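Coordinate-derived values only; no laboratory data. As the structure is a prediction and not an experimental result, all values here were calculated from the model. Every residue, glycine as well, gets a Cβ built from its backbone with ideal geometry; the counts of neighbours run over all protein chains shown.
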Amino acid sequence: MSRSFVVRQSQIIGALMMREMATRYGRRGLGFLWVVGEPLLFCAGVMLLWVFVKPHAAHGLSVAAFVMTGYMCLLLMRHCISFSINAIGANTGLLYHRALSPLHFYLTRCILELAGATAAFMVLYAVLLLLGQVGWPQDWLLLYSGWGLMWLMSMGTGFIFSALTVRFEIMERIVSLLTYAMIPLSGVFFMVDWLPPRARELFLLVPYPNAVEMIRAGVFGEFIPTHFNPVYALVTALIMLLIGLLLIKYAEGFIDVD
C-alpha cells in the first residue's frame with residue numbers, strides 16, 4: 001500500500017465527512033456542533049433521568065458516572081449501525097465517480113460517529129469530574145482500548161447489517177428490532193459482576209460487554225470488580241469487521257445507481 005494511496009483515501013474520506021456534516025446538520029445555527037451536541041444531549045438526558053429515579057449511589061458507584069460509561073457505548077453502537085444503514089441511499093448519485101465506492105460512505109459515517117461520540121464523552125466526563133461524580137481515569141490504556149474496541153465492534157455490526165440491507169430489503173425493517181434487542185446484550189445498564197458466575201461466563205461470549213467492562217475498569221479501576229477478555233474482544237471485533245467488509249464487497253453488485 002503506497003503512501004499516495006493512503007493520502008488519496010484520506011482526502012476522499014475527509015471531503016465526504018465535510019459533505020456529510022453539511023447535509024446532515026446544515027450550515028446555519030449550531031451546524032457542525034451538532035456532531036457533538038446530539039450524542040451529548042441524548043446521554044445527558046438519560047443520565048439526569050437515572051439520577052432522579054435511582055439512588056445517588058448503587059453498588060458503590062455514582063449513578064451519573066455509571067450511566068455515562070454505559071450509555072455512551074450504546075449511543076456509539078446504535079449510531080454507527082443506524083447511520084450506516086442508509087449510507088448508500090443518501091449517496092447513490094456519488095457512485096458515478098469512479099474514485100468512490102460504498103465502503104467510503106460507510107467509513108465516513110462511522111468515523112464521524114466516533115468523533116462525535118468521543119467528543120461528547122470527553123465533555124460529559126469533564127462536567128462530572130468538576131461536580132465530583134467521578135475521578136480521573138484509573139487506567140487510560142484500558143479506557144482507550146475499550147472505547148476503540150467498542151467502535152470496531154459497532155462498525156463491524158453496521159457493515160454487516162448495511163450489506164444485508166442492500167441485498168435483502170426486508171432487513172431494513174428488521175434491523176431496528178435487532179438494535180433494540182441488542183440493548184440488554186450490550187451490558188451497558190448493569191455490571192457483569194452482578195450476574196451469577198455461570199451466567200457471567202455465558203454473557204461474556206457476547207463481544208460488546210467485554211468492551212464496556214474494559215471502559216469501566218479504565219474509569220473506576222479497582223473500586224469495582226470487572227470481567228472481560230481483551231483478546232477475545234479484539235479477535236471477535238476483527239472477525240465482525242472482516243465479515244462486514246466481505247459482505248459489502250458482495251453487496252456492491254446489487255446497488256442500483258440508475
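A few points about this structure:
- Placing +1 on each Lys and Arg Cβ and -1 on each Asp and Glu Cβ, with no other charges, gives region 3-254 a dipole about its Cα centre of roughly 660 debye.
- Nearest-ten-degree value, helix 102-130 long axis tilted from longest Cα axis of the chain: 30 degrees
- Applying 1/(1 + (r/R0)^6) with r as the Cβ-Cβ distance of Ser4 and Tyr96 and R0 = 25 angstrom yields a FRET efficiency of 0.60.
- Toward the positive end of the charge dipole of the chain, with +1 on the Cβ of Lys and Arg and -1 on the Cβ of Asp and Glu, the farthest Cα among Ala64, Val231, Ala251 is that of Ala251.
- Over the chain, dividing the summed -39,500 (n - 2.57) contributions of all DSSP H runs of at least 4 residues by the number of residues returns a 222 nm mean residue ellipticity of -24500 deg cm²/dmol.
- Here Phe223 and Leu48 are evaluated by their C-beta separation; at R0 = 30 Å the FRET efficiency comes out at 0.80.
- Shape class of region 74-149 from the alpha-carbon gyration tensor: prolate, with a/c at 1.5 or above and a/b greater than b/c.
- The angle between the Cα long axis of helix 63-85 and the longest principal axis of the Cα atoms of the chain comes to about 10 degrees, rounded to the nearest 10.
- Cα lying deepest toward the dipole's positive end in region 3-254, options Ser145, Ile85, Gly156, charges on Cβ: Ile85
- The simple Förster model, with R0 at 41 Å and r as the Cβ-Cβ distance, assigns Arg198 and Ala15 a FRET efficiency of 0.20.
- Student exercise, region 62-209 dipole from Lys, Arg, Asp, Glu Cβ charges, in Debye to nearest 20: 260 debye
- Rounded, prolate or oblate (a/c below 1.5 giving rounded, otherwise prolate when a/b exceeds b/c) for region 105-155 by Cα gyration tensor: oblate
- Potential extension, Leu246-Leu178 segment - 0.36 nm per residue separation minus Cα distance: 22.4 nm
- Put simply, when 191-201, 232-242, 121-131 are sorted by average Cβ atoms within 10 angstrom per residue, most first, you get 232-242, 121-131, 191-201.
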